[in-house]
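Q: This is the structure, below, for whatever I ask next.
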Amino acid sequence: MKEKTLVSTCTLIGSLASYYYAKTHTKDVVPYVMIGGFVGAWLGELIAQVTIGKNKDK
């Protein structure tokens with residue numbers, strides 16, 4: 001999987017998960033979606049770096 005695709009997918013999942021959390025707890029969704037997207041992108045980058053590092057070792 002390409003790095004850009006992985007990061008985008010994790011960002012989307014993080015944003016949607018935080019949106020769902022905010023909606024179910026009747027909170028303002030905008031800050032939660034922003035933070036969830038940031039955390040998702042950060043995790044996507046981390047996963048991409050780990051998988052790319054493993055592929056370069058082979």
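The values are calculated or read from the model by the stated rules, or taken from the named source; none is laboratory data. Because the structure is a prediction, the values reported are computed rather than measured. With ideal geometry, Cβ positions are generated from the backbone for all residues, glycine too; neighbour counts draw on all protein chains shown. Surface accessibility is based on the protein's heavy atoms, side chains included, excluding ligands, DNA and RNA. Shrake-Rupley method; radii C 1.70, N 1.55, O 1.52, S 1.80 Å.
Q: Taking all pairs of different Cα atoms in the chain, averaging 1/r and flipping that mean, what Kirkwood radius in angstroms comes out?
A: Values: mean 1/r = 0.0843 Å⁻¹.
Roughly 11.9 Å, rounded to one decimal.
Q: Can I ask one more? Can you send over the carbon and sulfur percentage of the accessible area for the chain, probe radius 1.4 Å, protein chains only? List each step's numbers first, then the result.
A: Numbers: 3160 of 4630 Å².
Of all accessible area on the chain, carbon and sulfur atoms account for 68 percent.
Q: Would you count, across the chain, every pair of lysines whose alpha carbons are under 21 angstrom apart, provided the pair is eight or more residues apart or spans two chains?
A: So the count of such lysine pairs works out to 5.
Q: Using just the helices of the chain, give the 222 nm mean residue ellipticity in deg cm²/dmol: DSSP H runs with n ≥ 4 each add -39,500 (n - 2.57), and the total is spread over all residues, rounded to 500. Let's see the in-between values first.
A: On the way: 2 runs with 51 residues, N = 58.
My calculation for the chain gives -31000 deg cm²/dmol from helical runs alone.
Q: Same structure again: Please compute the per residue accessible area over the chain with all protein chains in place, 1.4 Å probe, rounded to a whole number of Å².
A: Working: 4630 Å² over 58 residues.
Here the per-residue accessible area is 80 Å².
Q: Let me check I've understood the local charge: for Tyr20, count other residues with C-beta under 15 angstrom from its C-beta, Lys and Arg +1, Asp and Glu -1. What total comes out?
A: +1
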